[in-house]
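Shown next, in structure tokens, is the structure this report addresses.
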Amino acid sequence: MTSQRIRKAVFPVAGLGTRFLPATKTVPKEMLPIIDRPLIQYAVDEAIEAGCDTLVFITNRYKHAVADYFDKAYELEQKLERAGKTEQLELVRHVLPPGVRAIFVTQAEALGLGHAVLCAKEVIGNEPFAVLLPDDLIWNRGAGALKQMADAAQASGASMIAVQNVPHEATGSYGIVATEAFDGRQGRIKAIVEKPKPEVAPSNLAVVGRYVLSPRIFGLLEATRPGAGGEIQLTDAIAALLAEQPVHAYRFQGTRFDCGTHIGLIEATIRYALDHEKLSDPARDMMQRALGELGVKDQD
Ligand code: G1P
């Protein structure tokens, strides 16, 4: 991969979000809010911060809410303008900042994450690009995880996969890598396998939903047959990429919340509330009260 700056980011958002039914009957899981912004907005902001100006959303034909959210809301903007609500108007307008464009590609069939990424092939063309899974929300006070990875990819010319250690018994929920020795935050990946059982997992270093990938991945995805869960896995195409080009595991700075699970979404909400300018104090008081009341109950 050449040391090009990434400009395009792919967001696979075609999943059914069955874990959050019944809410996800009508609201895509990417639209579930942490405080007042939907999950997808956090991922989009991270991509823009990393330098991306072209955002490619891989959706299914039922998910209009994501496209509507990034579309211009003429009536709402007019109303806010007339009412002199300039602060709210800015919030609505800056869902996408000027100069950033959103492109929507429909994934006709839910054939897996690898297939979803392959749907972006024509829009991406022959340049390195990012993939962000909005379920994985990464909180950091400094540069976002993707910006860290984009800088590292540009400096080294390697593809980058975000990783973090997970409990050994959890390997079956993740892509798992085996690497050479780490140099700082990076280690060259020797092997990668999708959702291995703990008995056969090569390590407990798990893939988190941030990738900077060489466009070579598209040719490899085209040749990838269904793998774990009967799906076309991005992990399997990355395994093929390892034989041709350097791919590095990247230990990002930041805290990752798995917002694809109930507890992860709750944890993220609490963390963002505790770090929020206006909500921090009332949130802390409320939590102390709630814990106190439940503590009393536990002793009953
Ligand atoms: C996907 C990837 C997996 C990765 C995970 C991170 O799995 O296939 O390799 O570890 O995202 O969140 P999913 O959670 O979509 O099953």
Problem set entry | Failed condition for Glu267, given (1) in contact (Cβ under 8 Å) with a residue 24 or more places away in the chain; (2) closer than 19 Å to Glu46 by Cβ; (3) more than 12 Å from the ligand (Cβ to nearest atom) | (1)
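Let me confirm something: among Arg185, Arg210, which residue is touching a residue at least 24 places away in the same chain (Cβ under 8 Å), open to solvent by 20 Å² or more (accessible area, probe 1.4 Å), of a type outside the set (Val, Ile, Thr) and within 27 Å of Arg5 (Cα to Cα)?
Going through Arg185, Arg210 in turn, the sole match is Arg185.
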Exercise. Does the range 228-246 contain any residue that is within 20 Å of Leu55 (Cβ to Cβ) and open to solvent by less than 10 Å² (accessible area, probe 1.4 Å)?
Worked result: yes
Exercise. Taking the range 203-230 as the region of interest, how many residues are more than 26 Å from Gln253 (Cβ to Cβ), modelled with pLDDT of 95 or more, among the hydrophobic types (A, V, I, L, M, F, W, C) and outside any loop (DSSP other than H, G, I, E, B)?
Worked result: 3
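For the structure I just gave you, tell me whether Leu265 is over 17 Å from the mean Cα position of the chain (by Cα) and of a type outside the set (D, E, K, R).
Working: over 17 Å from the mean Cα position of the chain (by Cα): no; of a type outside the set (D, E, K, R): yes.
No: the conditions fail for Leu265.
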Problem set entry | In the range 108-124, residue nearest to Gly51 (Cα to Cα) [restricted to those that are open to solvent by 10 Å² or more (accessible area, probe 1.4 Å), within 16 Å of the ligand (Cβ to nearest atom) and part of a helix (DSSP H, G or I)] | Leu118
Seminar exercise, completed: Restricting the range 150-202 to residues that are in a strand (DSSP E or B) and of a type in the set (Lys, Arg), the one farthest from the ligand (Cβ to nearest atom) turns out to be Arg188
Exercise. Do we find that Gly295 is part of a helix (DSSP H, G or I), open to solvent by less than 40 Å² (accessible area, probe 1.4 Å) and over 28 Å from Ala152 (Cα atoms) in this structure?
Worked result: yes
Exercise. Which residue pairs have Cβ atoms under 7 Å apart, sit 6 or more places apart or on different chains, and have a first residue in the range 125-145 that is within 17 Å of Phe257 (Cα to Cα) and of a type outside the set (A, V, I, L, M, F, W, C) and a second that is more than 14 Å from the ligand (Cβ to nearest atom) and open to solvent by 40 Å² or more (accessible area, probe 1.4 Å)?
Worked result: Asn140/Gln253; Gly142/Gln253; Gly144/Glu49
Exercise. Is it true that some residue in the range 128-143 is at negative phi, more than 14 Å from the ligand (Cβ to nearest atom), within 16 Å of the chain's Cα centre (by Cα) and open to solvent by less than 10 Å² (accessible area, probe 1.4 Å)?
Worked result: yes
Exercise. For the range 125-142, which residues satisfy the criterion of being within 12 Å of Phe11 (Cα to Cα) and outside any loop (DSSP other than H, G, I, E, B)?
Worked result: Phe129, Ala130, Val131, Leu132, Asp136
For this session: Quick one: count up the residues across the range 243-265 that are in a strand (DSSP E or B) and acidic (Asp, Glu).
Result: 1
Exercise. Looking only at the range 203-217, which residues are within 17 Å of Ala237 (Cα to Cα) and within 14 Å of the ligand (Cβ to nearest atom)?
Worked result: Ala206, Val207, Val208, Gly209, Arg210, Tyr211, Leu213, Ile217
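Please specify each residue of the range 15-47 satisfying the condition of being open to solvent by 60 Å² or more (accessible area, probe 1.4 Å), more than 16 Å from the ligand (Cβ to nearest atom) and under 19 Å from Arg256 (Cβ atoms). Talk me through it step by step, then tell me what you get.
Keep residues of the range 15-47 that are open to solvent by 60 Å² or more (accessible area, probe 1.4 Å), which gives 16, 18-19, 21-22, 25-26, 33, 36-37.
Next, only the ones that are more than 16 Å from the ligand (Cβ to nearest atom) stay: 21-22, 25-26, 33, 36-37.
Correct list: Pro33, Arg37.
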For this session: Confirm whether Ala240 is in a helix (DSSP H, G or I) and of a type in the set (A, V, I, L, M).
Result: yes
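Every residue, every condition in (1) among the acidic types (Asp, Glu); (2) touching a His at 6+ places or on another chain (Cβ under 6 Å); (3) part of a loop (DSSP other than H, G, I, E, B); (4) modelled with pLDDT of 95 or more, yes or no:
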{"residue": "Gln4", "(1), (2), (3), (4)": "no, no, yes, no"}
{"residue": "Phe11", "(1), (2), (3), (4)": "no, no, no, yes"}
{"residue": "Ala14", "(1), (2), (3), (4)": "no, no, yes, no"}
{"residue": "Thr24", "(1), (2), (3), (4)": "no, no, no, no"}
{"residue": "Ala43", "(1), (2), (3), (4)": "no, no, no, yes"}
{"residue": "Phe57", "(1), (2), (3), (4)": "no, no, no, yes"}
Seminar exercise, completed: Across the range 64-107, the tally of residues that are open to solvent by 60 Å² or more (accessible area, probe 1.4 Å) and β-branched (Val, Ile, Thr) stands at 2
Exercise. Residue check, Glu222 against (1) farther than 27 Å from Gln41 by Cα; (2) within 14 Å of the ligand (Cβ to nearest atom), all met but one. Which one?
Worked result: (2)
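The values are calculated or read from the model by the stated rules, or taken from the named source; none is laboratory data. In this text the structure is predicted, and so the values were computed from the model without any measurement. Quick reminder, even Gly has a Cβ in these numbers, built from the backbone with ideal geometry, and neighbours come from all protein chains shown. In case anyone asks, the SASA skips ligands and DNA or RNA and just uses the protein heavy atoms, side chains included. Shrake-Rupley method; radii C 1.70, N 1.55, O 1.52, S 1.80 Å.
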